[in-house]
1. Just to be sure, is residue B:251 within 12 Å of chain A (Cβ to nearest Cβ) and at pLDDT 95 or above?
2. Could you say whether any residue in the stretch A:16-35 is over 30 Å from residue A:108 (Cβ atoms) and either under 10 Å from the mean Cα position of the chain (by Cα) or exposed (fewer than 13 other Cβ atoms within 10 Å of the Cβ) (or both)?
3. Name the pairs: first residue in the stretch A:45-63 and over 17 Å from residue A:16 (Cα atoms) and more than 9 Å from every other protein chain (Cβ to nearest Cβ), second residue exposed (fewer than 13 other Cβ atoms within 10 Å of the Cβ) and at pLDDT 90 or above, Cβ to Cβ under 9 Å, at least 6 apart or on different chains?
4. Which of the strands (runs of 3 or more DSSP E) contained wholly in chain A include at least 2 residues that are in contact with a helix residue (DSSP H, G or I) (Cβ under 9 Å, 6 or more places away or on another chain)?
5. Return yes or no: is residue B:307 away from every other protein chain (no Cβ under 14 Å) and either crowded, with 23+ Cβ neighbours inside 10 Å or not in a helix (DSSP H, G or I) (or both)?
6. Just give me the residues in the stretch B:278-304 being outside any helix (DSSP H, G or I) and in contact with a helix residue (DSSP H, G or I) (Cβ under 7 Å, 6 or more places away or on another chain), in sequence order.
7. Considering B:170, B:190, B:185, B:161, which residue is out of contact with any strand residue (DSSP E or B) (no Cβ under 8 Å at 6 or more places or on another chain), within 25 Å of residue B:115 (Cβ to Cβ), surrounded by 14 or more Cβ atoms within 10 Å (Cβ to Cβ) and at pLDDT 95 or above?
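The values are calculated or read from the model by the stated rules, or taken from the named source; none is laboratory data. Predicted, not measured: the structure shown is a model, and the values here were computed from it. For neighbour counting, all protein chains shown are included, and Cβ atoms are generated from backbone atoms with ideal geometry for every residue, glycine included.
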């Protein structure tokens, strides 16, 4: 089992969610986050004076999938979140030791 | 029959005067919303408190002594005799009730004082500000009002009316006066912490709530019809009704011109359409036309307003360069454009002279700025006018009022 963590542009969240539903992903967790990568922050003007936005808003999506589903999950996220411009985000993959569904006590891939 | 027609005129003019006064009173709400929108959320409760309190102080001080100082022949202190009618025993029979005149005048005092609160926002102590409001509304404003609308001589030296000075609804008497006091306050209280970097850089401190600032601007825009329209002082004759309609039309035109001009100017300079500048532009258009809304054509009124709108953007940028920190742009909108408004009156009104307007503006500025500097200076020496650095960082809502405007949000 794998945990896929994707940081994407907020306006791409709906596209990613739909793409994941289409390949049969049953659930995702979404967090509003802020940060910077190569895109860095940017400056804005207010009444002629500059202010710097150091951390840009992004959305963090966490998906737990079976190892068999991993490649198509990653592909779905990348395809849906890609704009070709700087700041599109990243996908991190880590292994998942155990998953437990609280209601039934099921474990492993049954619980995903 | 003649008496009945006069009664009708008296009733209609009085009614019109009162409704216009109520519209101007509503401008207090406009200033409150505009200022609350352009400060940070941690200073919202305090700016709201300042605005409601200054309005009430203005009403009480103008009743106690302000009206009597401004119009010695109309009112004695505590408004003795104000409840009589305007005809019986009057030297010059008026077509409206004397108490309606007081009501219309008192809301103008509050407007002048409202201008100060925005400029010194986010760092001046609440009670220091309110102490200043007592002197401003009870003495400083009524004195210069006495020399202008009151028609009296300036300390017996010269009479502005004789020099060709005219200020229809108060570009100078109300707006420049308020801005002059605001400038004195800003110079003594200093800039907000973090506004100017040690290296001389200018930093932006964005306002918390632009919908509120926009609503405030629309409220002011609407209230201004009472401000300028009511200054015709009558509506119950063909002549005065025409004048009222022209004033309404030109007031509206100038605001529209000011907004568009400021929006385009901001877009040209910054590359983005700065809403706050557009809002200041509408108000600048209104201030620009206030000294003479009765004489220009609608096109000229629009252009006067537009010139005010361009002027206000450059004025705001210049004041920032001079490190005069005015969070809402009040000194630019009401002071710089107020002066501009006075100076353009002779363009369309042959009875008014440039020299008279300049002397009038200098008199108003010199008096209000000078006395405000002294009064703020005394308050500073006695009780201090600025909150501590720590209080400023935490927000003066907590240190001055003990409550936050939005307690369910946790952020600075």
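1. no
2. In the first step, residues of the stretch A:16-35 are kept if they are over 30 Å from residue A:108 (Cβ atoms); the result is A:32, A:34-35.
Still in the list and also either under 10 Å from the mean Cα position of the chain (by Cα) or exposed (fewer than 13 other Cβ atoms within 10 Å of the Cβ) (or both): A:32, A:34.
Within the stretch A:16-35 (the criterion being over 30 Å from residue A:108 (Cβ atoms) and either under 10 Å from the mean Cα position of the chain (by Cα) or exposed (fewer than 13 other Cβ atoms within 10 Å of the Cβ) (or both)), the answer is yes, since at least one residue qualifies.
3. Listed pairs, sorted by first residue: A:54/A:34; A:55/A:34; A:56/A:34.
4. A:2-8, A:29-35, A:42-46, A:56-65, A:89-95
5. No, not satisfied.
6. B:291, B:292, B:293, B:294, B:295, B:296
7. B:170
Residue by residue, here is whether (1) surrounded by 20 or more Cβ atoms within 10 Å (Cβ to Cβ); (2) more than 12 Å from chain A (Cβ to nearest Cβ); (3) under 27 Å from residue B:44 (Cβ atoms) holds:
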{"site": "B:320", "(1), (2), (3)": "yes, no, yes"}
{"site": "B:335", "(1), (2), (3)": "yes, yes, yes"}
{"site": "B:344", "(1), (2), (3)": "yes, yes, no"}
{"site": "B:347", "(1), (2), (3)": "no, yes, no"}
{"site": "B:350", "(1), (2), (3)": "no, yes, no"}
